Amino acid sequence: MNFDLIVAGSGLFGLTVAERCAAELGLRVLIVERRDHIGGNAYSEPEPETGIEIHRYGAHLFHTSNERVWEYANRFTAFTGYRHRVLTTFKGRVYPLPINLGTICAYFGRAFTPDEARALIAGQAAEVTEVGNLEDKAVSLIGRPLYEAFIRGYTAKQWQTDPRELPAEIITRLPVRYTFDDRYFNDTHEGLPVDGYTAWLERMADHPNIEVRLGTDFLSLRDDVLGRVPVVYTGPLDRYFDHAEGALGWRTLDFETEVRPTGDHQGTAVMNYADEDVPYTRVHEFRHFHPERTHYPSDRTVIMREYSRFAEDGDEPYYPINTPADRERLLRYRALAEAETRRNSVLFGGRLGTYQYLDMHMAIASALSMFDNRLRPHFTRGEPLTAGGTRG
Ligand code: FAD
Ligand code: UDP
């Protein structure tokens, strides 16, 4: 074994750990990746017929307010000035999201000042006195008419669960603005990698001390390496332990990609569909992520319809469901993971390894803190990997 560290998984978490350990500490790092390509879910590729960059695992928009993450990401790629905006279609009409003054004026069919809109929504929201679930929370934020138009059907399609049975927190991610600001993200920095996600991700792995083995499941070589070299595992936590505590619940997405014979299918990057009788939740049109690219064809475009459902065996795990049963299971898996760190020097990180929804900037930040708090002290001062205090 000619390596100082094995990283299982080449998503942004694994790549950040590998790059830091190779470049800062001079360690020899082996990355093993189950898929036939690097980059995890942020991977993108040119659609073969049109050359338009598509995101195979769902559209990825980079945004962060973390200066360290922004500086770090900029070492490997420049970012375009793309600013994400989303529209929604409800009963044949188009409205801006997130819900803002423009949505309110369009939906109620007249001009409102911010104060008038606030008073209108406050009156409609007053029916909720106690917030117990997603529906109560949403109605308390935006009133029943807007909830029924823009949230109820979309949420039911996305979660296949009655919104009255979903936790209130899901909806607190959605801002409500009494201005015409329709930017989707509030972060300081935003943009898309100038020459695509895959070029960025490949540059992170492009170091003489890093070897990448694609098409290799870490679990198939686990018995040969455990205890001989420290491991950072970013695959599914329950799978590492052969589902000893039961399976953790995930939602998955199905994507339907189509080349359309027009230069512009919908005039924007993402159109949500609020009506419950439209089976997909949203349609992405990838050319609009890169309006600066002049080589895209003018007579064809690529769209991707997105459908949501519970993940079953063999599906890609996308969003942790986090039911109370999942959370209890997770505590038991965390105890197993801590014992495995002590016994075999395996650290667990990333979206799948910690059963957490992480945006890209959060995955990078979390990998940098695992490097600072666990890996650097271990490799430079011989401290145990269990020290450090923060969960990668
Ligand atoms: P992943 O990217 O999932 O990488 C894990 C890697 O480990 C995978 O390549 C997997 O094949 C590999 N692996 C698993 N098990 C094994 C094993 N046993 N052996 C070897 N390899 C293994 N973030 C944003 O910031 N903006 C967005 O707009 C955005 N959109 C998203 C849309 C969707 C549909 C999804 C699902 C996520 C989105 N994200 C977005 C989140 C982003 O994808 C994650 O932050 C990022 O993927 C986390 O990186 P990771 O390394 O933790 O996990
Ligand atoms: N949501 C909705 N209508 C929309 C967009 C979002 O009801 O048009 C709700 C839905 O419940 C969703 C939540 O807001 O789960 C968070 O939305 P977000 O766009 O952040 O979801 P993601 O892009 O992460 O799937």
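Read the figures in this text as sums done on the coordinates, not as results from a lab. Computed from a predicted model, the values in this text were never measured in an experiment. Ideal geometry is used to build each Cβ from the backbone, glycine not excepted, and the neighbour counts take in all protein chains shown.
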Take the Cβ-Cβ distance between Phe241 and Arg110 as r, set R0 to 56 Å, and report the resulting FRET efficiency rounded to the nearest 0.05. 0.45
Enter the Cα centre distance for the pair the range 99-116 and the range 133-206, rounded to the nearest angstrom. 20
Could you tell me whether the range 332-392 comes out rounded, prolate or oblate from its Cα gyration tensor? Rule is a ≥ b ≥ c as square roots of the eigenvalues, rounded for a/c under 1.5, then prolate if a/b exceeds b/c, otherwise oblate. oblate
Residue among Ser366, Ser345, Ser298 with the largest mean-square fluctuation in a Gaussian network model of the chain, springs linking Cα atoms under 10 Å: Ser298
Potential lengthening between Arg260 and Gln356 on full extension [0.36 nm per residue; Cα-Cα distance subtracted]: 31.0 nm
Label point distance in nm, Asp277-Asp36, each placed 7 Å from Cα along Cα→Cβ: 4.2
Taking R0 as 56 Å and r as the Cβ-Cβ distance between Arg343 and Glu127, the FRET efficiency 1/(1 + (r/R0)^6), rounded to the nearest 0.05, comes to 0.50
Mean-position separation - Cα centroids, the range 315-338 and the range 364-388, in angstrom: 24
Residue-span extension gain [Leu214 to Glu316] - 0.36 nm each, minus C-alpha spacing: 35.0 nm
Quick check for me: using +1 on Lys/Arg Cβ and -1 on Asp/Glu Cβ, what's the dipole size of the chain about its Cα centre, in debye to the nearest 20? 700
Dimensionless Rg/Rh of the chain - Kirkwood Rh, Rg from C-alpha atoms: 0.99
One finds, for Thr323 and Ser298 with R0 = 41 angstrom and r their Cβ-Cβ distance, a FRET efficiency to the nearest 0.05 of 0.30
Hey, got the Cα dimensions of the range 234-392 along the principal axes, in Å, largest first? 60, 36, 23
Gain on full stretching of the segment that runs from Thr380 to Asp187 - 0.36 nm per residue minus C-alpha separation: 66.0 nm
Note on the chain, DSSP bridge orientation, antiparallel percent to nearest 5 equals 65
Simple SL model, points at 7 angstrom along Cα→Cβ for Ala387 and Asp195; separation in nm is 4.2
Between the range 6-21 and the range 50-92, what's the alpha-carbon centroid distance in Å? 21
Cα-projected label distance for Asp372 with Arg28, points at 7 Å along beta-carbon direction, nm: 3.1
Most fluctuating residue of Lys137, Lys91, Lys157 in a GNM of the chain with Cα springs under 10 Å: which is it? Lys91
Just to be sure I follow: if Rg is taken over the C-alpha atoms of the range 91-172 and Rh is the Kirkwood radius over the same atoms, what is Rg/Rh? 0.97
